[in-house]
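Report on the following structure.
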Amino acid sequence: MTNSASSLDETPVIFSCSNKQLMGVAHSAESDSNRGVVIVVGGPQYRVGSHRQFLLLARGLAAQGIPVFRFDCRGMGDSEGEFPGFENIDEDIHAAINTFFELVPTIKEVVIWGLCDGASAASFYAPSDPRVVALVLANPWIRTEQGEAKAYLKHYYLSRLMNKEFWSKLVSGKFDLSGSLRSLMSLCQKSFNTQTKSESPVLEHNAELPAGLNNLSLPDRFYQSLKSFPNSVLLIISGNDLTAAEFLDVINAEKRWRKITKSQNCHQKTLPEADHTFSKRSSMDEVIDCTYEFVSRIKSS
C-alpha cells in the first residue's frame, strides 16, 4: 500500500441538508480522476471513526489518486439536527454527493463506502442516484432479534463448547451455569420467533420509510435495494465480528441471496483476523488496498 500523504489537501466544508448545517471534509488527490469515494459512517461514530478508521481510509485512497469525501449526517458529530435513523439518511447522502461534486469539479461519478448500518444506508440510497457507480459495503447491518439470537447460538455458544477454558471454569465451579442456561434458553426462544422486527444499532426513529418498503424487515429491504442496484458491489467481511457472521448467515441461507452474491457484479473480500471496525492497522491496510483495487477497476459509466 502506498503510504498516506499528509501534504494532500483536506478541505473542511459546511453544507446544507433540510435546513441543517452538516460538516464534511474533502480529501483531494493528485490526479484528474472523474471518480471519487463518499464514506457513509456507521453509527454511533462520526466522520473520523473508531481509532481514526475513516480518516485513515480517506487519506490512504487520496494518496493513491482517489478523492474522498467523509461527513457527519444530521444529528451526528458536528452536524446540526436530530439523527433520523440510518434508514432515513438519503437526503444527507444526496447533499454530501452534491457538495463533493462542487468541491472537486473533475468528479462525474462516485463509489459509496459504508460500514455497518452505514453500509445498509448506502445500499438503500444507491439505486436512486445514477451517479453512484459502485458500493463498498463493510460488515453490513441487517440485524433482527431472531437473526442475532441464531448468530449467538451458532458462533458464540458452540465455539465455547470447544474452549478448554470454558470446561475448566465449569469443573472448578467458577462458571455461572444457571445464568448461562437462562441466557441460552432465552436465545433459543428468540431464534425460533417468526417475527422479523429489525433493530437499529444507534437510535430509534419514528420517520416513515419510503412507500413500498416500510413494511419490510431490514434484511428484506437490504435485499430489495441490492436487487435494484445494477452496478458493482464489494462486500468486505470481517472474520471476527458477530455483525458480519449474522450477515453471512442470512445471505447463505436463501437461494435469492446467493443469486445476487454469486453474480458477476458482486465481489467479496474476507479478512479472517479483522474485527468489526478493522482496529488493527494491518486490517485497515487491507481494507484500503482492496477498496483501491475495486474502485480502480470499475468500468466508467
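Derivation of every value follows stated rules applied to the coordinates shown; laboratory data play no part. As the structure is a prediction and not an experimental result, all values here were calculated from the model. Glycine gets a Cβ as well: all are built from the backbone with ideal geometry, and neighbour counts include every protein chain shown.
Data for the structure
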quantity	calculated
Sites N265 and E82 - FRET efficiency at Förster radius 41 Å, r taken between beta-carbons, to 0.05	0.70
Net +/- balance of residues flanking S282 in space, Cβ distance below 11 Å, scoring K and R +1, D and E -1	-2
Calculated FRET efficiency for the pair D220/N19, C-beta based, R₀ 25 Å, to 0.05	0.15
Environment charge of S79, counting only residues whose C-beta is closer than 14 Å and scoring Lys/Arg +1, Asp/Glu -1	-2
Potential extension, R281-S28 segment - 0.36 nm per residue separation minus Cα distance	88.8 nm
Under-5 Å amide H pairs with G42, H placed in peptide plane, nonlocal only	L115, G118
Sparse-neighbour loop sites [GluC sites (Glu not before Pro); segment 77-150; at most 16 other C-beta within 10 Å; DSSP]	E80, E82
Potential lengthening between H94 and A253 on full extension [0.36 nm per residue; Cα-Cα distance subtracted]	53.9 nm
